[in-house]
Amino acid sequence: MSKASKINPVRGPVQLEVMEPVARFSLRVGKQGRQQLGQALGLELPERIGMRSSQGGREALCLGPDEWVVLAPEAERETLFTAALEAYAEVPHSLAEISDREITLRLEGERATDLLTIACPRNLELMPPGSGRRTVMGGIQVVLWRDGQDAYRLDVWRSFFDYIHSLLETGNREFAAEAQLESQSA
Amino acid sequence: MLLIHCPYCDEDLPELEFTYAGEAHIDRPADPASLDDEAWRNYLFIRSNVKGPHYERWRHNHGCARFFNAVRDTVSDRFLTTYRVGEPRPDLESLIGKEGRE
Ligand SMILES: [Zn+2]
């Protein structure tokens, strides 16, 4: 028997998709500069931790009292940098590119929330669709975006990605096995 | 799982997102060079090692990443309160009194 055939081909009820790269930035700016810098970058920087905004393909998520992660299409990387640089004299801040640091995994399906709870200690019911948080997943720090009731994006540091990905795939296969058992006993 | 209230996120969150960061309200001496060795050692290493309610620092490092302060009972591991850095040390009697009434 070849090695490949030993792997359970059943994929499970949750769709797991590795996303294309995007431009990512870690942004730090004080209270006074928040609104003005948001205008310069072309999107609102939400004030409350966990809140998100989006504008023309750009997205911002508030991670801490003075910290945001900003996403943009790769083609807008330079535009965003230049806009921040031009605002710098008036609004001191730090904008560090972290595009290559993380890989994003997208999860969608009725059991997506159940799947995340195998590795995430948060109560995800307290995280409504349209919000996001920095949290832990399988002992690793991640950024979790909840896009819908059953849809999430998970930004995982590159070196931990295979671990988290395979952990979630395993859980997903277990859901499939569970469903199979239930249908057999029915 | 132990839930800790982060005063910046304003949520009760799993302990796994937090790390302990030592006793709180210890001021760095304004002029370290003027201290003798013993005073400097006391500042660096000597802590109160409380049995009971303890004022201590925590960091929500896998969340908002902020440091904050907490009063935790070192016997029961119960958090009496948490508060932001820079806020005054809460009065212990009012905290315990509040607990008692609940
Ligand atoms: Zn927090």
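Can you give the extra length, in nm with one decimal, that the chain gains between A:Ser94 and A:Val18 once fully stretched, where that is 0.36 nm per residue apart less the Cα-Cα distance? Walk me through the numbers on the way to the answer.
Numbers: separation 76, 0.36 × 76 = 27.36 nm, distance 2.88 nm.
Extra length available between A:Ser94 and A:Val18 comes to 24.5 nm.
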statement: So the angle from the long Cα axis of helix A:77-87 to the longest Cα principal axis of chain A, reported in degrees to the nearest 10, equals 30 degrees
field: Options A:Leu16, A:Ala176, A:Gly132, ranked by Cα towards positive dipole end of the protein assembly as shown, top entry (Cβ charges)
entry: A:Ala176
query: What Kirkwood hydrodynamic radius do you get for chain B when you take the inverse of the mean 1/r over all pairs of distinct Cα atoms, in Å?
result: 15.0 Å
query: Hey, if you drop one equal point scatterer on each alpha-carbon of the range A:46-186 and run the Debye formula without solvent, what base-10 log of I(q)/I(0) do you get at q = 0.09, 0.10 Å⁻¹?
result: -0.34, -0.41
statement: Lys and Arg at +1, Asp and Glu at -1: neighbours of A:Arg158 with Cβ under 12 Å from its Cβ sum to -2
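Among all stretches of chain A without exposed trypsin sites (Lys or Arg not before Pro) (DSSP loop, at most 13 other Cβ atoms within 10 Å), which one is longest? Walk me through the intermediate numbers first.
Numbers: sites that count: A:Arg11, A:Arg48.
Counting only loop sites that pass the neighbour cut-off, the longest clear stretch is A:49-186.
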query: Between rounded, prolate and oblate, where does the range A:11-83 land on the alpha carbon gyration tensor, with a ≥ b ≥ c its root eigenvalues, rounded for a/c under 1.5, else prolate if a/b exceeds b/c?
result: oblate
message: Quick check for me: using +1 on Lys/Arg Cβ and -1 on Asp/Glu Cβ, what's the dipole size of the protein assembly as shown about its Cα centre, in debye to the nearest 20?
response: 260 debye
statement: Here the range A:94-166 gives, from Cα atoms, an Rg and Dmax in Å of 12.0, 39
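Longest exposed-loop-site-free stretch of chain A, with GluC sites (Glu not before Pro), DSSP loop and at most 12 other Cβ within 10 Å? All intermediate terms of the calculation are to be shown ahead of the outcome.
Values: sites that count: A:Glu47, A:Glu90, A:Glu110.
Looking at chain A, A:111-186 is the longest stretch - no exposed GluC sites (Glu not before Pro) with at most 12 other Cβ atoms within 10 Å.
When a footprinting reagent is the concern and you count Cβ atoms within 10 Å, what order do A:Met19, A:Met137, B:Met1 take, fewest first?
Lowest count first: B:Met1, A:Met19, A:Met137.
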field: Long-range amide H partners of B:Leu13 with built H, under 5 Å
entry: B:Ile4, B:His5, B:Cys6
task: Return the long-range amide H neighbours of A:Ser99 (sequence gap of 5 or more, or a different chain), with a cut-off of under 5 Å between placed amide H atoms.
output: A:Arg24
statement: The distance between the Cα centres of the range B:1-25 and the range A:55-105, in whole Å, is 28 Å
query: Which one of A:Leu154, A:Leu124, A:Leu168 has the biggest mean-square fluctuation once chain A is modelled by GNM with Cα springs under 10 Å?
result: A:Leu124
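Among all stretches of chain B without exposed trypsin sites (Lys or Arg not before Pro) (DSSP loop, at most 16 other Cβ atoms within 10 Å), which one is longest?
Details: sites that count: B:Arg47, B:Lys51, B:Arg78.
Longest stretch, sites excluded: B:1-46.
Quick one: in the protein assembly as shown, what % of C-alpha pairs are over 25 Å apart? Present the calculation step by step, with values, prior to reporting the outcome.
On the way: 24414 of 41328 pairs.
So the pairs more than 25 Å apart make up 59 percent of the total in the protein assembly as shown.
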Positive-end extreme of charge dipole, the range A:1-137 - chosen from A:Phe25, A:Cys120, A:Ala83 (charges on Cβ): A:Cys120
- prompt: Label-point separation (nm) for B:Lys51 and B:Glu38, each offset 7 Å from Cα along Cα-to-Cβ?
  reply: 2.7 nm
- prompt: What ³J(HN,Hα) values, in whole Hz, does the Karplus curve 6.51 cos²θ - 1.76 cosθ + 1.60 give for the range A:139-145 when θ = phi - 60°, with x put for Gly and Pro?
  reply: x, 10, 6, 9, 10, 10, 10
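Bear in mind these aren't lab numbers, they're just calculated from the coordinates by the rules spelled out. What you see is a predicted model; the values in this text were computed from it and never measured. Because the Cβ atoms are built from the backbone with ideal geometry, glycine has one as well, and the counts that use them run over all protein chains shown.
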